[in-house]
Amino acid sequence: MEPGLVQRARQHPDRTAVLAEDARFSYRELLQSSAGVAGRLLQGTDDLGEKRIAYLLPPGVSHVAIQWGIWRAGGIAVPLCTAHPPPEWEYVLRDSGAHLVVAHDSFAEQIRPVANRCGLTLIDDATAESDSSSVRLPSIPPSRRAMILYTSGTTSRPKGVVSTHGNLEAQIETLVRAWGWQPQDHILHVLPLHHVHGIVNVLCCALWSGATCEMLPRFEAGEVWGRFVRSPLTLFMAVPTVYSRLIAAWEAAPPSQRKVWSRACAGMRLMVSGSAALPVAVLEKWQRISGHRLLERYGMTEIGMALSNPLKGERRAGYVGSPLPGVEVRLVDDQEEPVETGTPGEIQVKGPGVFGEYWRRPEETRAAFTNGWFRTGDVAVVEEGCYRILGRQSVDIIKTGGYKVSALEIEEVLRTHPDIAECAVVGLPDREWGECVAAALVSRSGRSPAPDRLRLWAKARLAVYKVPRQFLQMDSLPRNLLGKVNKRELAKLFPSEESPAG
């Protein structure tokens, strides 16, 4: 039995699978290359038996071939982030118990000392020409572990999320069905390839469908706009930060260039945003520029995607839609009892796409589930059949003066102030209130609103207990590679003294 992606690839041997570095690679070539990788990894054995193979490669056909080769050889793929510093690589290598490391030439010198410290063999990208015709590959059932992806670490130390081939295929199938993927689709890939968004939502869905995945080595706004113009794209998926940068590039371009860029978007059938909350202002501005109302969805490393706005139908600003096909979702209170419509509760998810374990963390795995439901730690409310995310219990739900306040709701209001370009809200310890609401602000064009005037402005738009008591002016917010603000680090930047009266 072959992994599902390999079986699907055999249905489209002559179609273009990957377009990268101005070269096209067919599904047949991808199958041949990945079989060669598997053969090299299998030297001396007939099955890797779920050994963890870490790999560090830039986007491109070699990255895909090595990922598939690991799977076809019976190993567990452990992608490393090309933008991480060596200590982050070492953490993943040690935590995963990696068997060996595969690295592109451009990263070999950087990671070799790390591999040596971990006692691991370092090999080149393993896609050198080899005869794959005589390679005998093991049978890979859906229950076989396929991948370990590490959580972003914005709320705790990164944990290894283990997904089986069956988990990944279930995640892929539900998105292919919900978002109408077809062999004729052509998507531009600009996301990191160590995260579920870039791996499953973009790369795997494209290759499962027989579509073309065009890959860029890095995100650069002008180059992306150029690809919109030159390539026959039908889909684009990104994080809110990417859309913000594309908007900034469009606004800085001359009117004639703007028209060309906006017209290029008309040929696409779908644009998606995820991995962080999409500000309403970004959604509305992108719609004016591109003609596309972004489809926002909700998911996480442990579950893939769970909620999505519809492919066809109303997409409500600030909402992430309803459960995807084959995914069960419920909201519960602090006693694990389902809440009524309109009442906030923790999101819990059940379905074939949900992961089975945190790698080598049995106690944390047990704590993550209740009666078969995965506890996401995110809070939402259902309004008129649609889910609205209020934030993570650990950093976005602020308990102040007996109230539970959503940091995301306050941020959305603050972003409407004409002098605020970006903001993030956190809860800080407070002897009187339990926690006080604090806001970090990035001002627009260097104009910093005075705190007292900003509080008066906010009181006209927010309940008094939601108005920030502390403000911190910043040049930029601390974000991870997917644009998500690291609120634990941000909270440490505020002064430690008691908050002022408001």
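The values are calculated or read from the model by the stated rules, or taken from the named source; none is laboratory data. Since the structure is predicted, the reported quantities are computational estimates derived from the model, not experimental observations. For neighbour counting, all protein chains shown are included, and Cβ atoms are generated from backbone atoms with ideal geometry for every residue, glycine included.
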Query raised in the report: Among the listed residues VAL354, VAL332, which satisfies the condition of being without any contact (Cβ under 8 Å) to a residue 60 or more places away in the chain and either touching a helix residue (DSSP H, G or I) at 6+ places or on another chain (Cβ under 6 Å) or closer than 29 Å to LEU294 by Cα (or both)?
Result: VAL332
Query raised in the report: Mind checking which residues of the range 117-160 are at pLDDT 95 or above, part of a loop (DSSP other than H, G, I, E, B) and β-branched (Val, Ile, Thr)?
Result: ILE140
**Report entry** Pair list, Cβ < 9 Å and 6+ apart or interchain, from the range 367-384 residues that are more than 19 Å from THR301 (Cβ to Cβ) to residues that are polar (S, T, N, Q) and outside any strand (DSSP E or B)
**Finding:** VAL381/THR341; VAL381/THR343; VAL382/THR341; VAL382/THR343; GLU383/THR341; GLU384/THR341
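So in the range 263-272, with the set limited to residues that are surrounded by fewer than 16 Cβ atoms within 10 Å (Cβ to Cβ) and small (Gly, Ala, Ser), which one is nearest to LYS285 (Cα to Cα)? Give the steps one after another, and end with the answer.
First, the residues of the range 263-272 that are surrounded by fewer than 16 Cβ atoms within 10 Å (Cβ to Cβ): 263, 266-267, 269.
Going one step further and asking which of them are small (Gly, Ala, Ser), we end up with 266-267.
On the way: ALA266: 16, GLY267: 19 Å.
Here the residue is ALA266.
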Report task. Using the structure shown, decide if GLY391 is in contact with a helix residue (DSSP H, G or I) (Cβ under 8 Å, 6 or more places away or on another chain), at positive phi, part of a strand (DSSP E or B) and surrounded by 17 or more Cβ atoms within 10 Å (Cβ to Cβ). Result -> yes
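For the subset of the range 456-498 comprising residues that are touching a Lys or Arg at 6+ places or on another chain (Cβ under 9 Å) and closer than 15 Å to TRP433 by Cβ, which member is surrounded by the most Cβ atoms within 10 Å (Cβ to Cβ)? Don't jump to the end; show me each part of the working.
The initial filter retains those residues of the range 456-498 that are touching a Lys or Arg at 6+ places or on another chain (Cβ under 9 Å), namely 458, 467-469, 471, 478, 485-487, 498.
From the residues that got through so far, the ones that are closer than 15 Å to TRP433 by Cβ too are 467-469, 498.
Working: VAL467: 20, PRO468: 25, ARG469: 21, GLU498: 14.
So the residue we want is PRO468.
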Query raised in the report: Which residues, taken from the range 1-51, are over 22 Å from THR164 (Cβ atoms), surrounded by fewer than 21 Cβ atoms within 10 Å (Cβ to Cβ) and among the polar types (S, T, N, Q)?
Result: GLN11, THR16, SER26, GLN32, GLN43
Query raised in the report: Can you tell me which residue in the range 177-205 is nearest to the chain's Cα centre (by Cα), limited to those that are without any contact (Cβ under 8 Å) to a residue 60 or more places away in the chain and under 19 Å from ALA306 (Cα atoms)?
Result: GLY198
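Looking at the range 277-309, which of its residues are over 27 Å from THR164 (Cβ atoms) and either among the β-branched types (Val, Ile, Thr) or part of a loop (DSSP other than H, G, I, E, B) (or both)? Spell out how you get there, then give the answer.
Our first condition is that a residue be over 27 Å from THR164 (Cβ atoms); within the range 277-309, this holds for 277-296, 309.
Hits for the range 277-309 are ALA277, LEU278, PRO279, VAL280, VAL282, ILE289, GLY291, HIS292, ARG293, LEU294, ASN309.
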**Report entry** Sole exception among (1) closer than 30 Å to ARG94 by Cα; (2) among the β-branched types (Val, Ile, Thr); (3) out of contact with any Leu (no Cβ under 9 Å at 6 or more places or on another chain) for THR301, by number
**Finding:** (3)
Query raised in the report: In the range 438-455, what count of residues is obtained for those that are buried (at least 18 other Cβ atoms within 10 Å of the Cβ) and under 27 Å from the mean Cα position of the chain (by Cα)?
Result: 4
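Return the residues of the range 337-355 that are surrounded by fewer than 19 Cβ atoms within 10 Å (Cβ to Cβ) and either of a type in the set (A, V, I, L, M) or in contact with a strand residue (DSSP E or B) (Cβ under 6 Å, 6 or more places away or on another chain) (or both); say none if nothing qualifies. Reasoning before the result, please.
Taking the range 337-355 as the starting set, the residues that turn out to be surrounded by fewer than 19 Cβ atoms within 10 Å (Cβ to Cβ) are 337-344, 350, 352.
PRO338, VAL339, THR341, PRO344, LYS350 - these are the residues of the range 337-355 that are surrounded by fewer than 19 Cβ atoms within 10 Å (Cβ to Cβ) and either of a type in the set (A, V, I, L, M) or in contact with a strand residue (DSSP E or B) (Cβ under 6 Å, 6 or more places away or on another chain) (or both).
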Requested in this report: Answer yes or no: is there a residue in the range 346-367 that is assigned to a helix (DSSP H, G or I) and of a type in the set (S, T, N, Q).
Outcome: yes
